[in-house]
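Okay, structure first, notes after.
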Amino acid sequence: MKTTNNKPIVLITAGPTREAIDPVRFISNHSSGKMGYAIAGAFLDKGFEVILVSGPVNISLSHTSLRVIPVNSADEMYTACQKYFPVAQITIFAAAVADYKPAQVYTQKMKKSAHEFSLQMVKNVDIAFEFGKIKRNDQVSVGFALETNDEEQNALKKLYSKNLDLIVLNSVKDEAATFGYDTNKITIINRDFQFQAFPLKSKAEVAVDIVTAAIKVGQKQEQAVQA
Ligand code: CTP
């Protein structure tokens, strides 16, 4: 799968999503986007054409081989990815996608009243799950699992249910490996139940480990096709 300039394509989702309540309010999360952007940088260094579908973040990255597609909501992120997933050799689902969105988006700013107020939420699209259903065997996909408990069990569940090739587990038990930090401590798990645990590193170094592991899966796929 090549672009016109013959570079392999990687699709990356990054950052948080924002789910609108009304024109001035939204629901979101603490994702900084740093990990996804670091992965984009590492793929650019390896000569990939990078499509970065990014929720709202305070990071800027520019490169001749990089296309950043800014989005807000999970629905927008999914729609943007639909165009590029079929041509991507590798897809990295690094975004912290909101699992729920308000059932109704008010067109006017909601006014406060004397009463209590509750918001009905409906499920958002699971982007990694949807693309897992149509992934071809010449494509590699990598997801993330940020867990507080039963880490390995939850990560494995996501690896299989979303038809991923690799899952990157980070535990919020590691204080310096959570939202906003410049460091991360990960374990990469593959479909052969191999666990590769890495020490605490900078997000730039962690990105290189993830990119190296993803490229290795792609090379194995190619060898399997040629065999
Ligand atoms: N993901 C996604 N779309 C969603 C939710 C998650 O693409 N709507 C992707 C994330 O980018 C990540 C992986 O799926 O690569 C796991 O995300 P996570 O939030 O840890 O898991 P969930 O499936 O949302 O499960 P839970 O929040 O219950 O742990």
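The set of residues in the stretch 102-144 that are among the small types (Gly, Ala, Ser) and at pLDDT below 95 comprises Ser113, Ala114, Ser118.
Residues in the stretch 121-133 that are within 12 Å of the ligand (Cβ to nearest atom) and assigned to a helix (DSSP H, G or I): Ile127, Ala128, Phe129, Glu130, Phe131, Gly132.
Just checking, does the stretch 108-118 include any residue being surrounded by fewer than 19 Cβ atoms within 10 Å (Cβ to Cβ), under 25 Å from Asn170 (Cβ atoms) and touching a residue at least 40 places away in the same chain (Cβ under 8 Å)? No: the stretch 108-118 contains no residue that is surrounded by fewer than 19 Cβ atoms within 10 Å (Cβ to Cβ), under 25 Å from Asn170 (Cβ atoms) and touching a residue at least 40 places away in the same chain (Cβ under 8 Å).
Each residue in the stretch 2-51 was checked for being among the hydrophobic types (A, V, I, L, M, F, W, C), open to solvent by 30 Å² or more (accessible area, probe 1.4 Å) and touching a strand residue (DSSP E or B) at 6+ places or on another chain (Cβ under 6 Å), and 3 of them qualify.
Candidates are the residues of the stretch 52-66 that are among the hydroxyl-bearing types (Ser, Thr, Tyr) and away from the ligand (no atom under 14 Å from the Cβ); the one that is most open to solvent (accessible area, probe 1.4 Å) is Thr64. Filter the stretch 134-174 down to the residues that are in a loop (DSSP other than H, G, I, E, B) and aliphatic (A, V, I, L, M), then identify the one that is nearest to the ligand (Cβ to nearest atom). My answer is Leu164.
Within the stretch 58-89, can you find the residues that are part of a loop (DSSP other than H, G, I, E, B) and within 21 Å of Val168 (Cα to Cα)? Passing the criteria: Ala88, Gln89. Among residues of the stretch 67-93 being within 13 Å of the ligand (Cβ to nearest atom), closer than 15 Å to Leu164 by Cα and of a type outside the set (Val, Ile, Thr), the one that is surrounded by the fewest Cβ atoms within 10 Å (Cβ to Cβ) is Phe85. Of all residues in the stretch 68-87, those that are under 14 Å from Thr17 (Cα atoms) have Cβ atoms under 8 Å from Cβ atoms of residues that are in a helix (DSSP H, G or I) and among the small types (Gly, Ala, Ser), 6 or more apart or on another chain, in Ile69/Ala80; Val71/Ala80. Can you name every residue in the stretch 155-178 that is open to solvent by 20 Å² or more (accessible area, probe 1.4 Å) and either at pLDDT below 95 or of a type in the set (Ser, Thr, Tyr) (or both)? Of everything in the stretch 155-178, those that are open to solvent by 20 Å² or more (accessible area, probe 1.4 Å) and either at pLDDT below 95 or of a type in the set (Ser, Thr, Tyr) (or both) turn out to be Tyr160, Ser161, Val172, Lys173, Asp174, Glu175, Ala176, Thr178.
The values are calculated or read from the model by the stated rules, or taken from the named source; none is laboratory data. As the structure is a prediction and not an experimental result, all values here were calculated from the model. Counting neighbours? That spans all protein chains shown, and the Cβs are built from the backbone with ideal geometry, glycine included. Quick note on the areas: whole protein, heavy atoms, side chains included, nothing else; ligands and nucleic acids left out. Shrake-Rupley method; radii C 1.70, N 1.55, O 1.52, S 1.80 Å.
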